[in-house]
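Report on the following structure.
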Ligand SMILES: C[S@@+](CC[C@H](N)C(=O)[O-])C[C@H]1O[C@@H](n2cnc3c(N)ncnc32)[C@H](O)[C@@H]1O
């Protein structure tokens, strides 16, 4: 058995996502971990971990805290997010220097001055999007990543959201003393990203990496629970029912490769008991319904804890 490498901080904290991300899976981690194959839970060893919709990576960072993962592949279609992952992986020190400077400047200012810094940075960030080189890693990526993290730590609700054009449009939040540079965690994250392949693209990019030795966790944008729900509004690229079907076909194809797969999504039955969308799509697999701490406010009938589905193929 491989030596178990448990990367906990000195004070026993685990590695946490470096960004708060829409649809972050912190609430569901225990339910997902419970469902890992027994062999993995016993050995605390995963040969190849693949996450095609990584977002903030709540499950990945949790697993990196307690399991030994030999190789990992993390994919997301959001290019600003992937820039952050790559910069933290390659140049954590430079990134932290920039974040520390930003933090020092921001915290020394009055609310009105903070607003000026925030909105000027946001305007420039959105203009730069048009001629930014998202393809080739270069020194400008460090600035870009520091700004994305800065917004995430200081914006309203702490969620990085973009409009249809891809512009970041969240107003400033009113946190008194936001920690913009979470030094200890950023080092731990950088460490956790060693030997990790980070890819910007569609989830199907995962295909060439998936083998029978892989554990794959899919956390796609939620299927909205009703027409007005905007829960799938993570990035400028929506994820509609056609994409959910495309994903189910991919899941079935990768099942045939022998990969061990876990997928989570919202349960459409929260809104309509007769909605069998996922039950039909994943009928060959095991579908569990679990309670999640997610509140839905836009429809009075849906307040309180709601169910999520977890689909496994083993
Ligand atoms: C529910 S979130 C994942 C949240 C993540 N589990 C966490 O803990 O933060 C879904 C993610 O899928 C990404 N996404 C949307 N469409 C995609 C696609 N076609 N391929 C890959 N990723 C996609 C979004 O950018 C978003 O980060």
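Computed from the coordinates by the stated procedures, all read-outs in this text should not be read as laboratory data. This is a predicted model, so every value here is computed, not measured. Here the Cβ positions follow ideal geometry from the backbone for every residue, glycine too, while neighbour counts run over all protein chains shown.
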Mind pulling the angle between the C-alpha long axis of helix 92-107 and the longest principal axis of the chain? Nearest 10 degrees, somewhere in 0 to 90.
60
In Å, the Kirkwood hydrodynamic radius from C-alpha pairs for the chain sits at 20.5
Would you kindly give the portion of the calculated P(r) for the range 1-137 that falls above 23 Å, as a percent of all Cα pairs?
49
Between helix 111-128 and the chain, what is the angle of the helix's C-alpha long axis to the longest principal axis, kept within 0 to 90° and rounded to the nearest 10?
60
What is the packing order of peptides 134-141, 117-124, 147-154, 188-195, taking the mean over residues of other C-beta atoms within 10 Å and listing the highest first?
147-154, 188-195, 117-124, 134-141
Relative contact order for the chain: what is it in percent, counting Cα pairs under 8 Å that are at least 6 residues apart?
20
Within 10 Å, count the other beta carbons around each residue, average over each peptide in 32-45, 197-210, and list them highest first.
197-210, 32-45
Can you say what percent of the DSSP beta bridges in the chain, counting only those with both residues inside, are antiparallel? Round to 5.
45
Do the sum for the chain: with -39,500 (n - 2.57) for every DSSP H run of n ≥ 4, divided by all residues, what is the mean residue ellipticity at 222 nm, to the nearest 500 deg cm²/dmol?
-11000 deg cm²/dmol
Quick one: what do you get for the range 82-184 if you divide its Cα Rg by 2.2 N^0.38 Å?
1.03
Please report the relative contact order for the range 82-184, taking Cα pairs under 8 Å with a sequence separation of at least 6, and give it as a percent rounded to a whole number.
36
Could you give the angle, 0 to 90 degrees to the nearest 10, between helix 79-90's Cα long axis and the longest principal axis of the Cα atoms of the chain?
80
Which distance in nm do the two modelled labels at residue 257 and residue 169 give, with both placed 7 Å along the Cα-to-Cβ direction?
3.7
Hey, can you rank 216-225, 249-258 by average C-beta count inside 10 Å, highest first?
216-225, 249-258
